[in-house]
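Just so it is clear, none of the values below were taken in a lab; they were calculated from the coordinates. Predicted, not measured: the structure shown is a model, and the values here were computed from it. Ideal geometry is used to build each Cβ from the backbone, glycine not excepted, and the neighbour counts take in all protein chains shown.
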Amino acid sequence: MVTLNPQSSTPLVLQIVASFCAAIEDGSLRPGAKAPSIRQFAHAHNVSVFTVVDAYDRLVAQGYFTSRPHAGFFVRQRPASSAALSGHSPNFSFDSMWYLRRIFENRALRMKPGCGWLPGDWLFQEGMRRSLRSLATQDVDLGGYGEPKGYPPLRQLVRDLLAEQEIAVTSEHVLLTQGSSQAMDLVARRLVRPGDAVLVDDPGYPNLLFSLRFLGAKLIGVPRTPMGYDLLALERLVVEHRPKLFFTQPRLQSPTGSIAQLSHLHRVMQLADKHDFLVVENDIYADLDPEPRPSLASLDQLSRVIYISSFSKTISPNIRVGYLAASPDLLEDLAQLKMISGLTSSEFSERLAYGALTDGRWRKHVKSVRERLAKAHLGAAARLLKVGFEIFCEPKAGIFLWAKHPAIADSAELAYKAAEQDILLGPGHLFSPNLQPSPWLRFNVVFCDEPALFDFLAAQCQTT
C-alpha cells in the first residue's frame, strides 16, 4: 500500500501522506480501517518515528485520519463535499499543533537551539524571589478572583512603560492577560470569523498561525525581508484579499529576527487607513531591543493598532503575565470575552510581576540580558557561517537567527534526525502560514554554543 523511495527529492513525510491519501481516495482503505501504529510503520519502512508522527498528524489535519486516544489512528469518513471536490486546500485543524505538542516544546532534549525561551539563569529569578518574599509579608487576599482587567497598579505601570515608547494611553486602555498568547487569542476570537482574510507575517509566529487556522481564517502570508516587509507584495495582497486584520511582529520578529524600518511602519499604517483594516502588533521582544524604536502603536496611538506585549521573556514565562492595549471600546469587549472564557487572570502572578518590575535592579537586569544576547548573536552567526549556512539577517539583538544551508531542501527531515540525537531544532515549515516545506531553520542564539550541535549540522549538510 505504501512504497517509499528514500532517493526521491520528495520528502518521506510527503510520500507517506500521498500514499495514504491515494489509498483512501481509491477505496483501498475504507472508513474505519485502522492504520498501522506509528512504531509498526516506522519499523516496517525503516523510517524515523518522528517522520511517521509528522505524516499521521498531517493526515489528521487534512481530514483523512482521526486519532483515538489509546487506540491509534483510523481512516475517517469523508463527506462528498470534501476539499478535493470543492477545489480548495484543506483547512488545518487544531491537530496541526503536532510539532509544538510532540517535539517543539520537548524540554527533555538536551540541546535546544530551536526553542523559543531563555535559560532560567538569564531570567530575573532573584527579582522574582524578592517579590515573592515581599508578597509573603503583605496582607494579600488570596480568596478572590481579582479585577477583570487585571491588577490596577500593574496596569498603571504598563501605562507608564508605554509612555516611554511614546504610546499615550491611560490604564483604561490596558488589559492584563495570561501571557501574550491569551492576548492574541482574545483579539482573534473577538474579530475573526470563519472565511475572513487575515494577513500574517510569512514566516510567522506558530502559536498564532495555528490559532487562526482553528478559527477558520483565510491566512494570507506577507513576505518578510531583512528590512521588514515586501511592501509591493503587501499592497498587492491587501488590494486582492481585502483583509480584516494584519497580525504582525515588526520588531525582532520570530523567526527571522528582522526589524521593520520606520518607512515600512508608515506604509503599513497608510494601507490600513486606505483599505480599512486593523493591525495587531505583537511586540513581545521590545525589552530585548537595545535601541529605542518607533512602533506601529506609537505612530497610530491605538486608533487602528492593537498592541500586545509580555513580561515572559525577561522576568519569567512561568508567571504568564502579558497585556494588550487598545481603544477603550474594543478593550471593554476584550475584557468581557476574557471573563467569559476564564473569569480573570491571576492577580497573584500580576502582583509578582509588579514587584519584580518595581525592583531597583530590574533595568540593570534587562541591560545585562541585552548585552549577553548581543554577544551570543556574534558567536552563533560565526558558527553557522562556518558550516555553510546563509543567514537571513543579523540583528545582533533579540533571541533568533533564521538560516538555511544550500544542501538542505526540507529542514523538517533534518529536525527529525536531530531529535534522535537529542537536539531540538526549529524547522521552517512550522512558521509557514501554509505549513509548506522549507529549507529554513530558526536558531535560538543562546543555545548555539555547543560544538556537538555544529558537528551534527556539518555532518548532515555534507551527506545531504
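Peptides 11-19, 306-314, 287-295: what's the order by average Cβ count within 10 Å, highest mean first? Walk me through the numbers before you get to the answer.
Working: 11-19: 19.2, 306-314: 25.7, 287-295: 16.1.
Descending packing order for the listed peptides: 306-314, 11-19, 287-295.
Just want the ordering: His377, His70, from fewest to most Cβ atoms lying within 10 Å of their own Cβ. List each step's numbers first, then the result.
On the way: His377 22, His70 4.
Exposure proxy ranking, most exposed first: His70, His377.
Round to the nearest 10 and give me the degree value, 0 to 90, for the angle of helix 347-357's Cα axis relative to the longest principal axis of the chain.
70
So if I restrict to the alpha-carbon atoms in the stretch 125-357, what is the Rg, and what is Dmax, the biggest pairwise distance, in Å?
My reading of the Cα-based Rg and Dmax gives 17.6, 59 Å.
In straight Cα distance, which lysines are under 19 Å from Lys417, not counting same-chain residues fewer than 8 positions off?
Lys112, Lys404
Under Stokes-Einstein, with the Kirkwood radius over Cα pairs standing in for Rh, what whole-number D in µm²/s applies to the chain at 37 °C and 0.692 mPa s?
It comes out at roughly 139 µm²/s.
Taking the beta-carbon count within 10 Å as an exposure proxy, list Leu262, Leu175, Leu330 from fewest neighbours to most.
Fewest-to-most ranking of Leu262, Leu175, Leu330: Leu262, Leu330, Leu175.
Taking R0 as 35 Å, what FRET efficiency do you get between Lys375 and Gln40 from their Cβ-Cβ distance, rounded to the nearest 0.05? Don't jump to the answer; show the numbers that get you there.
Details: r = 48 Å, r/R0 = 1.36.
Working from the Cβ atoms, E equals 0.15.
Antiparallel as a % of all DSSP beta bridges within the chain, to the nearest 5?
55
By how many nm would the segment from Ala18 to Ser263 grow when fully extended, if each residue of separation counts as 0.36 nm and the alpha-carbon distance is taken off?
Going from the current span to full extension adds 83.8 nm.
May I ask you to list the aspartates and glutamates whose Cα is less than 14 Å away from that of Lys375, ignoring any residue fewer than eight positions away on the same chain?
Candidates past the 8-residue exclusion: Asp289, Glu394, Asp449.
Could you sort 160-166, 441-447 so that the peptide with the highest average Cβ count within 10 Å comes first and the rest follow in order?
441-447, 160-166
Starting from the Cα of Lys244, draw a straight line to each of the lysines and keep only those under 25 Å, dropping any in the same chain fewer than 8 residues away.
Counting by Cα, and skipping residues close in sequence, Lys244 has these lysines nearby: Lys218, Lys274, Lys338.
Any chance you could list P(r) for the stretch 321-464, counting all Cα-Cα pairs in 10 angstrom bins from zero, rounded to whole %?
10, 28, 22, 23, 14, 2
Would you order Val60, Val200 from fewest to most other beta-carbon atoms within 10 Å of each residue's own beta-carbon? Numbers along the way, then the final one.
Details: Val60 20, Val200 23.
Going from sparsest to densest Cβ surroundings: Val60, Val200.
What FRET efficiency comes out for Leu343 versus Glu172 if R0 is 22 angstrom and r is the Cβ-Cβ distance? Round to the nearest 0.05. Before the final figure, lay out each step's value.
Details: r = 20 Å, r/R0 = 0.91.
The calculated FRET efficiency here is 0.65.
How large is the Rg to Rh ratio of the stretch 187-254 when both quantities use alpha carbon positions and Rh follows Kirkwood?
0.95
How many nm separate the modelled label positions at Met227 and Cys393, each set 7 Å beyond the Cα in the direction of the Cβ?
1.0
Mind pulling the angle between the C-alpha long axis of helix 49-61 and the longest principal axis of the chain? Nearest 10 degrees, somewhere in 0 to 90.
Rounded to the nearest ten degrees, it is 80.
Arg190 to Gln125: FRET efficiency via 1/(1 + (r/R0)^6), r the Cβ-Cβ distance, R0 51 Å, to the nearest 0.05?
For Arg190 and Gln125, the calculated efficiency is 0.90.
Counting helices only, and only those DSSP H runs with n ≥ 4, report the 222 nm mean residue ellipticity of the chain as the sum of -39,500 (n - 2.57) divided by its residues, in deg cm²/dmol to the nearest 500.
-12500 deg cm²/dmol
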